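Below is one structure; the comments refer to it alone.
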């Protein structure tokens with residue numbers, strides 16, 4: 001199997017007035033062709049930072065300080081912004097968390113599709129429009145023609161997220177990165193949207209990296225899983241292996257916190273911890289210690 | 001949509017009536033008796049009574065109020081207590097003189113503020129941003145007349161490239177034949193382009209004063225607005241779709257244009273009152289200097305006239321602003337139109353669920 005995305009020893013820092021916060025400690029993983037990889041972890045564990053570091057969407061004061069991101073034979077971290085922009089949207093599609101805050105509220109959906117095409121030098125004509133319509137239809141949008149002519153606020157959450165998915169897939173990217181794509185949606189709609197996503201990615205020869213805090217999503221949709229804790233990947237592997245035989249204490253407590261109807265719920269104790277401010281050497285993921293408060 | 005605009009206009013009309021009431025109330029709120037202001041401290045009671053009768057001050061309150069309201073609404077703002085000239089005519093001839101430097105001044109502020117604010121936002125925390133913030137603080141700490149005097153010192157006294165601050169026309173220029181009463185307009189009507197361009201030349205320093213003075217707060221608003229929106233999920237998604245920087249900027253701008261437009265109208269209202277200071281410095285024959293004179297003398301009709309013209313202009317600005325913002329944003333536009341649509345076809349299918 002070929003590797004679509006290969007991330008090696010990624011280190012990201014945030015330069016704040018109160019010192020350098022190290023958000024990622026040497027994160028390494030890969031996404032292979034036709035594979036869905038899930039990133040799980042609590043808030044602040046660095047899931048979203050990983051995604052933004054790869055796509056170079058990190059806003060200052062965030063900064064990738066070391067590491068290597070290899071995508072389709074190119075080293076993304078070395079690419080100038082101009083070339084990176086060409087990759088975004090065209091080769092790497094991005095699905096945002098909340099469709100309403102992601103879509104432009106004052107621009108017609110139609111025009112937003114056209115803008116994406118224009119940005120990548122694709123001629124905007126009738127056939128392009130038809131393609132966008134078909135894509136909307138395949139994401140399960142009812143009455144795509146009407147949606148195309150309308151605005152984001154006229155849509156329900158599920159429909160809006162389908163529009164976002166259609167935009168992310170519009171130029172046929174090999175890799176789709178989804179940052180908590182269903183967190184803002186109703187429980188019933190979540191399934192439909194995830195099914196659509198799976199159908200349009202791996203079943204069409206694409207790969208997907210999906211950030212979530214929902215272990216159920218990982219269990220039913222992902223091939224492999226990365227468990228993140230305090231800026232490190234503490235465990236990774238095939239979903240079945242990790243879920244049945246978790247190795248790291250954090251993964252174990254995370255799995256124990258899943259609500260099972262038959263027994264009493266367990267929680268991961270304590271608040272989400274802030275990334276370390278100073279920590280000179282990169283810790284070995286398997287040695288990242290569960291903090292005192294959490295060992296319960 | 002038309003219904004929406006009409007409703008805005010009706011509200012504006014109501015506010016205008018309130019404004020007239022307020023300006024009427026000014027007479028009783030202001031310390032001192034206009035008759036005393038006219039005649040001096042040592043006027044005899046008989047003289048005071050005569051002036052009161054002349055000005056209608058001896059009439060009962062309601063009669064005075066209704067009389068003032070109807071006169072004002074028909075466009076008669078009374079006569080100056082001191083010069084006897086009609087306030088309406090004074091305003092009509094002086095307002096173009098004020099607008100001739102104020103509108104370009106605000107346009108300049110818009111351009112400078114927009115450009116520098118955008119630049120600073122895109123260079124957040126870097127050198128350009130810090131330099132911008134530094135200059136903004138200096139400009140914002142400087143009163144208008146100091147800025148005007150600094151500009152005069154540099155460009156008139158030192159560099160000698162700006163004309164002397166002695167008004168709109170030099171004595172060498174031929175005054176255009178009186179048609180509208182306003183000199184710049186008359187110059188255009190008479191085709192005296194030399195005179196007109198000389199007026200414009202003299203307007204340059206007032207324009208720059210206005211431009212710099214209002215560019216500072218406007219630029220600051222642009223910077224903070226853009227900084228916020230550039231961090232938003234909407235812009236992140238736009239960038240994640242690979243949009244060009246210009247497209248991303250346009251998206252960001254569409255997000256903050258409402259607040260920028262509101263701020264610009266606020267600045268316009270503020271600039272009308274600031275006109276008094278600038279016009280005094282440049283001896284400019286506009287409404288500002290004239291009203292300042294009226295205020296200092298206690299010339300009640302002049303003060304009332306100025307309050308009314310300022311208030312009406314601001315009101316008009318807000319009505320236009322309201323309509324524009326509502327119509328530019330599809331979220332509010334559909335609501336503004338919805339009332340009519342619902343009546344026409346009751347069985348409208350609901351929005352796509």
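Brief remarks follow.
- Any chance residue A:140 is modelled with pLDDT under 90 and over 30 Å from residue A:74 (Cβ atoms): yes
- Top-ranked residue of segment A:89-117 - restricted to ones that are at pLDDT below 90 and in contact with a strand residue (DSSP E or B) (Cβ under 9 Å, 6 or more places away or on another chain), ranked as nearest to the other protein chains (Cβ to nearest Cβ): A:96
- Odd one out for residue B:279, checked against (1) within 14 Å of chain A (Cβ to nearest Cβ); (2) assigned to a helix (DSSP H, G or I); (3) touching a helix residue (DSSP H, G or I) at 6+ places or on another chain (Cβ under 6 Å): (1)
- Subset of segment B:65-84 (residues that are more than 24 Å from the chain's Cα centre (by Cα) and without any contact (Cβ under 8 Å) to a residue 40 or more places away in the chain): B:66, B:67, B:70, B:71, B:83, B:84
Residue by residue, here is whether (1) surrounded by fewer than 20 Cβ atoms within 10 Å (Cβ to Cβ); (2) on the phi < 0 side of the Ramachandran plot; (3) at pLDDT 90 or above holds:
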position: A:144; (1), (2), (3): no, yes, no
position: A:172; (1), (2), (3): yes, no, no
position: A:175; (1), (2), (3): no, yes, yes
position: A:183; (1), (2), (3): yes, yes, no
position: A:198; (1), (2), (3): yes, yes, no
position: A:202; (1), (2), (3): yes, yes, no
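- Hey, residue B:274 touching a residue at least 60 places away in the same chain (Cβ under 8 Å) and within 19 Å of residue B:310 (Cβ to Cβ) or not: yes
- Close pairs (7 angstrom Cβ cut-off, 6 or more residues apart or separate chains): within 14 Å of chain B (Cβ to nearest Cβ) in segment A:56-72, in a loop (DSSP other than H, G, I, E, B) and buried (at least 16 other Cβ atoms within 10 Å of the Cβ) anywhere: A:60/B:124
- Test: residue in segment A:77-88 that is within 20 Å of residue A:197 (Cα to Cα) and either within 11 Å of chain B (Cβ to nearest Cβ) or part of a helix (DSSP H, G or I) (or both): yes
- Test: residue in segment B:218-241 that is in contact with a helix residue (DSSP H, G or I) (Cβ under 6 Å, 6 or more places away or on another chain) and assigned to a loop (DSSP other than H, G, I, E, B): yes
- Summed over segment A:128-151, residues that are in a loop (DSSP other than H, G, I, E, B) and either under 21 Å from residue B:243 (Cα atoms) or more than 8 Å from every other protein chain (Cβ to nearest Cβ) (or both) total 5.
- Of everything in segment A:204-220 that is assigned to a loop (DSSP other than H, G, I, E, B) and more than 23 Å from residue A:46 (Cβ to Cβ), the residue that is modelled with the highest pLDDT is A:206.
- Annotation: of all residues in segment A:118-127 being within 8 Å of chain B (Cβ to nearest Cβ) and without any contact (Cβ under 8 Å) to a residue 40 or more places away in the chain, the one that is surrounded by the fewest Cβ atoms within 10 Å (Cβ to Cβ) is A:118.
- In summary, residue B:260 fulfils each of the numbered conditions (1) part of a helix (DSSP H, G or I); (2) within 12 Å of chain A (Cβ to nearest Cβ) with the single exception of condition (2).
- Unique residue being part of a loop (DSSP other than H, G, I, E, B) and either under 30 Å from residue B:123 (Cβ atoms) or touching a helix residue (DSSP H, G or I) at 6+ places or on another chain (Cβ under 6 Å) (or both) when the list is B:187, B:162, B:215, B:203: B:162
- Just one residue in the set A:64, A:7 is touching a helix residue (DSSP H, G or I) at 6+ places or on another chain (Cβ under 6 Å), more than 29 Å from residue A:159 (Cβ to Cβ) and buried (at least 16 other Cβ atoms within 10 Å of the Cβ); that residue is A:64.
Conditions (1) within 14 Å of chain A (Cβ to nearest Cβ); (2) modelled with pLDDT under 90; (3) surrounded by fewer than 22 Cβ atoms within 10 Å (Cβ to Cβ), marked per residue:
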site: B:214; (1), (2), (3): no, no, no
site: B:218; (1), (2), (3): no, no, no
site: B:238; (1), (2), (3): yes, no, no
site: B:249; (1), (2), (3): yes, no, yes
site: B:274; (1), (2), (3): no, yes, yes
site: B:292; (1), (2), (3): no, yes, yes
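- Any hit, segment B:280-302, residues being in contact (Cβ under 8 Å) with a residue 12 or more places away in the chain and on the phi > 0 side of the Ramachandran plot: yes
- Per-region count, segment A:153-162, residues within 11 Å of chain B (Cβ to nearest Cβ) and in contact with a helix residue (DSSP H, G or I) (Cβ under 6 Å, 6 or more places away or on another chain): 3
- Filtered by the rule that a residue be within 21 Å of residue A:48 (Cβ to Cβ), within 11 Å of another protein chain (Cβ to nearest Cβ) and not in a strand (DSSP E or B), segment A:170-188 gives A:173, A:184.
- Exactly one residue among B:113, B:194 is part of a helix (DSSP H, G or I), at negative phi and modelled with pLDDT of 85 or more, and that residue is B:113.
- Failed condition for residue A:191, given (1) touching a residue at least 24 places away in the same chain (Cβ under 8 Å); (2) assigned to a helix (DSSP H, G or I): (1)
- Residue check, residue A:42 within 13 Å of chain B (Cβ to nearest Cβ) and in contact with a helix residue (DSSP H, G or I) (Cβ under 9 Å, 6 or more places away or on another chain): no
- In segment B:295-353, residue modelled with the highest pLDDT [restricted to those that are outside any helix (DSSP H, G or I) and within 14 Å of chain A (Cβ to nearest Cβ)]: B:329
- The selection criterion, being within 14 Å of chain B (Cβ to nearest Cβ), out of contact with any helix residue (DSSP H, G or I) (no Cβ under 8 Å at 6 or more places or on another chain), under 14 Å from residue A:233 (Cα atoms) and surrounded by 15 or more Cβ atoms within 10 Å (Cβ to Cβ), holds for residue A:48.
So that you can scan it fast, the table gives a plain yes or no per residue for (1) farther than 12 Å from residue A:209 by Cα; (2) outside any strand (DSSP E or B):
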{"site": "A:20", "(1), (2)": "yes, no"}
{"site": "A:27", "(1), (2)": "yes, no"}
{"site": "A:39", "(1), (2)": "no, no"}
{"site": "A:43", "(1), (2)": "yes, yes"}
{"site": "A:58", "(1), (2)": "yes, yes"}
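- Residue in segment B:135-144 that is more than 22 Å from the chain's Cα centre (by Cα), farther than 20 Å from residue B:271 by Cα and assigned to a helix (DSSP H, G or I) present: yes
The values are calculated or read from the model by the stated rules, or taken from the named source; none is laboratory data. This one's a predicted model, so the numbers in the text were calculated from it and none came from an experiment. With ideal geometry, Cβ positions are generated from the backbone for all residues, glycine too; neighbour counts draw on all protein chains shown.
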